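The values are calculated or read from the model by the stated rules, or taken from the named source; none is laboratory data. Everything numeric in this text was worked out from a predicted model, so none of it was measured. Glycine also receives a Cβ, built like all others from the backbone with ideal geometry; neighbour counts cover every protein chain displayed. Remember, those area values only see protein heavy atoms, side chains included, never the ligands or the DNA or RNA. Shrake-Rupley method; radii C 1.70, N 1.55, O 1.52, S 1.80 Å.
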Amino acid sequence: MNILNKVNSSNDIKTLSAEQLPVLCEELREFIIQNVAKTGGHLASNLGTIELTVALHRVYDSSVDRIVFDVGHQSYAHKIITGRRDEFSTLRSYGGISGFPKPYESNDDAFIAGHASTSVAVALGMARARTLKNENYNVVAVIGDGALTGGLAYEGLANVGGSSEPMVIILNDNGMSINGNVGGMAKLLSRERIKPGYINFKRWYRNAFENVPSLYNANHKLKEALKKTILPSNIFDAMGIYYLGPVDGHDVEQLETVIRWAKEMSAPVLVHVISKKGKGCRFAEEHPDKYHGVSSFDPVTGAMPDSQCCFSSVFGDKLIELAKDNGDIVAITAAMSSGTGLDKFEVKYPERFFDVGIAEQEAVSMAAGMAKQGLVPVIAIYSSFLQRAYDMLIHDISLQRLHVVFCVDRAGLVGNDGETHHGLFDLSYLSSVPYMQILCPASFAELEQMLDMAINELDGPVAIRYPRGGEGAYKGCDISPSIKLLDGDNITLAAYGTTINTMLELADKLKAHGISADVIKLSSLHLHPYDDVLASLKKTGVFLMAEEVCRSGCVADSIMAAAEQSCIPVKASCCVNLGSGVVTHGSPQELRRHCGLDADSLFEAACRMLGGIDVQGEENKIRPARF
């Protein structure tokens with residue numbers, strides 16, 4: 001790492017010779033592989049953009065210029081170059097650096113990233129702000145071809161083309177998002193080609209004639225005719241964005257030349273870069289989807305720990321079983337067939353499987369059309385991505401009470417990807433959708449039963465929300481709206497989903513100190529009365545509920561409102577949730593401790609409500625409660 005150790009900023013990288021750049025790229029590649037093998041993270045996408053990142057930092061100063069990354073999966077080399085090399089071993093760890101661009105982490109991170117297709121619109125906003133404020137900095141958007149499956153990208157491109165704002169769009173084209181790209185744009189990009197000599201000719205032409213305006217203008221028509229002969233018309237030219245490329249995404253010198261040229265044009269320019277996802281790592285090149293987002297792995301062989309059974313895979317297997325007997329079932333995903341557990345369904349029923357790309361709005365509206373014509377669409381989308389389709393949930397689905405089943409994966413704390421990926425808002429926004437029924441399984445068996453019920457028994461829109469990973473100690477199966485799992489007299493404990501495991505652990509802790517708890521598991525979170533909880537509150541008068549959601553729209557507030565309306569005297573209550581819903585990155589266990597949602601923290605909360613517990617001495621008596 002002789003060269004990498006000398007690079008701590010964009011300015012440092014500009015001092016390197018052309019001969020040192022390929023060596024730097026290899027050192028960056030090895031550094032990322034070795035570190036991500038320990039911390040986990042986004043591997044293949046970062047390995048594919050190292051030369052591009054180096055070239056960008058050769059041309060721009062990221063502490064002043066604004067480099068806006070789309071999604072952020074490709075920002076590791078950028079972080080290392082901009083002074084975070086020594087912190088990189090803490091990547092995605094609690095208290096460490098994030099796996100995505102974060103302005104609070106460094107001014108070199110121009111904008112937060114985590115969701116796709118946003119960078120062009122954000123960059124245009126920055127360019128317009130620069131113009132209006134008469135400031136002097138450059139603006140670049142870095143977007144992948146996968147993000148071009150999202151409609152927001154085209155809204156941004158259309159406005160860039162009509163704006164004449166000087167800015168550069170880097171289109172990193174590797175033919176992949178997480179799974180292979182789909183749709184017409186993927187086919188269009190595969191056909192975009194330019195003869196290698198055109199870029200060199202164009203640069204020579206400009207240098208030769210731009211200082212002789214009359215000659216430059218006279219030859220303009222000739223130049224345009226030559227361009228049309230060599231380069232077929234494409235969608236970007238039609239939008240008013242000057243197109244350059246394709247450029248070899250692993251040739252630093254060529255990348256730097258073309259990006260510098262694009263910058264000098266002082267116009268909307270798109271540079272089309274062809275890269276290979278996973279470049280330089282054999283197993284990541286061969287299986288870029290598998291090594292897109294990884295846990296720890298062997299950096300030599302690529303071997304990863306065996307994957308455990310999870311809610312996503314249970315969902316996928318059950319849907320295949322149900323589809324066998326119901327030909328109207330169709331499955332829809334938004335570029336996440338493997339992540340949502342639908343990869344087996346795709347193989348089993350390819351004609352009934354639809355991947356719309358990174359286009360959640362399209363997924364929901366298309367499902368509405370299918371449901372209106374008699375199909376039973378099942379949409380599997382991560383919680384934090386489904387929020388992008390909120391308007392379609394109301395306008396296209398609920399107003400007609402269409403029967404669409406939403407399988408909301410990654411609900412709750414997802415861990416190391418942090419605040420842009422936690423599924424903490426779905427309960428809030430789904431609860432506001434008219435007629436939406438919200439189910440929450442606490443075990444694999446409950447997920448299977450709820451999916452069957454949602455498809456074959458319920459009508460109208462139904463959402464089933466479940467977490468990342470596996471089930472806990474509770475493996476029962478009761479999908480009635482609510483059920484009492486333990487009977488007690490001193491305190492009412494309520495939860496839903498896998499959080500019920502924490503409440504059962506809490507009940508054991510309290511029991512060891514002579515406190516008996518009613519433990520109530522909720523399965524239906526909306527459009528149902530909370531009769532079991534209210535009956536328990538009449539008995540105990542003390543209420544504690546834990547929820548892995550934001551405060552707004554949480555179930556506990558609805559329960560307390562119902563208790564007040566029923567004139568139930570509640571002596572003490574504690575509703576533990578995730579407040580604003582903005583939670584940092586780290587393992588789910590660390591984040592639950594951080595947010596007070598682990599059994600020990602909840603035990604302390606219960607003690608405070610009950611007046612405290614005297615744990616000194618053998619009798620472990622409860623001190624009198626003070627309400």
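Data for the structure
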{"item": "Surface accessible to a 1.4 Å probe, TYR137 within the full protein complex, Å²", "result": "40 Å²"}
{"item": "Dipole magnitude of region 450-503 about its Cα centre (Cβ charges: Lys, Arg +1; Asp, Glu -1), debye to nearest 20", "result": "260 debye"}
{"item": "Per-residue HN-Hα couplings for region 463-478 [Karplus 6.51, -1.76, 1.60; θ = phi - 60°; Hz; x = Gly/Pro]", "result": "10, 10, 9, 8, x, 6, x, x, 7, x, 5, 6, 10, x, 8, 9"}
{"item": "Fully extended contour minus Cα-Cα distance, from GLU155 to SER516, at 0.36 nm per residue", "result": "124.2 nm"}
{"item": "Length-normalised contact order for the chain - Cα pairs under 8 Å, 6+ apart - percent", "result": "11 percent"}
{"item": "Region 79-167: C-alpha gyration tensor shape, a/c 1.5 cut-off, then a/b vs b/c", "result": "oblate"}
{"item": "Calculated FRET value between TYR242 and GLN34, using beta carbons and R₀ = 35 Å, to 0.05", "result": "0.30"}
{"item": "Estimated FRET transfer efficiency when R0 is 25 angstrom, pair GLU321-GLU457 (beta carbons, to 0.05)", "result": "0.95"}
{"item": "Antiparallel bridge percentage (DSSP; both residues within region 327-458; nearest 5)", "result": "5 percent"}
{"item": "Three semi-axes of the equivalent ellipsoid, region 467-538, Cα gyration tensor, whole Å, largest first", "result": "20, 17, 8"}
{"item": "Antiparallel content of DSSP bridges confined to the chain, in %, to 5", "result": "15 percent"}
{"item": "Among the listed pairs LYS279/LYS318; LYS290/LYS372; LYS277/LYS318; LYS324/LYS372; LYS318/LYS511; LYS509/LYS571, those beyond 27 Å (Cα-Cα)", "result": "LYS279/LYS318; LYS290/LYS372; LYS277/LYS318; LYS318/LYS511"}
{"item": "Peptides ranked, highest mean first, by Cβ atoms within 10 Å: ranges 461-471, 252-262", "result": "461-471, 252-262"}
{"item": "Nearest-10 value in Å² for the accessible area of TYR154, using the 1.4 Å probe", "result": "60 Å²"}
{"item": "Trypsin sites (Lys or Arg not before Pro) restricted to region 101-169 and DSSP loop, no more than 10 other C-beta within 10 Å", "result": "LYS133"}
{"item": "Ranked order, VAL64, VAL247 - accessible area, probe 1.4 Å, largest first", "result": "VAL64, VAL247"}
{"item": "Alpha-carbon Rg with Dmax, taken over region 412-545, Å", "result": "15.5, 47"}
{"item": "Cα gyration tensor of the chain - equivalent ellipsoid semi-axes, whole Å, descending", "result": "51, 28, 22"}
{"item": "Global form of region 511-605, assessed from the alpha-carbon gyration tensor, a/c cut-off 1.5", "result": "oblate"}
{"item": "Cα gyration tensor shape for region 394-484, rounded if a/c is under 1.5, else prolate or oblate", "result": "oblate"}
{"item": "Order of exposure, largest accessible area first, which applies to VAL168, VAL347 with probe 1.4 Å", "result": "VAL347, VAL168"}
{"item": "Region 1-56 versus region 399-433: alpha-carbon centroid distance in Å", "result": "36 Å"}
{"item": "Compactness index (Cα Rg / 2.2 N^0.38 Å), region 1-143", "result": "1.01"}
{"item": "For VAL549, residues with placed amide H under 5 Å, excluding near neighbours", "result": "LEU578"}
{"item": "Surface share of carbon and sulfur [accessible, 1.4 angstrom probe, percent] for region 248-309", "result": "46 percent"}
{"item": "Span from the region 538-557 Cα centroid across to the region 465-510 one, whole angstrom", "result": "13 Å"}
{"item": "Tilt relative to the chain, helix 119-132 - C-alpha long axis, 0 to 90 degrees, to 10", "result": "70 degrees"}
{"item": "Extension gain, ILE394 back to THR15 (0.36 nm per residue minus Cα-Cα distance, nm)", "result": "131.0 nm"}
{"item": "Within the chain, helix-based [θ] at 222 nm, where runs of 4 or more DSSP H residues each add -39,500 (n - 2.57), nearest 500", "result": "-11000 deg cm²/dmol"}
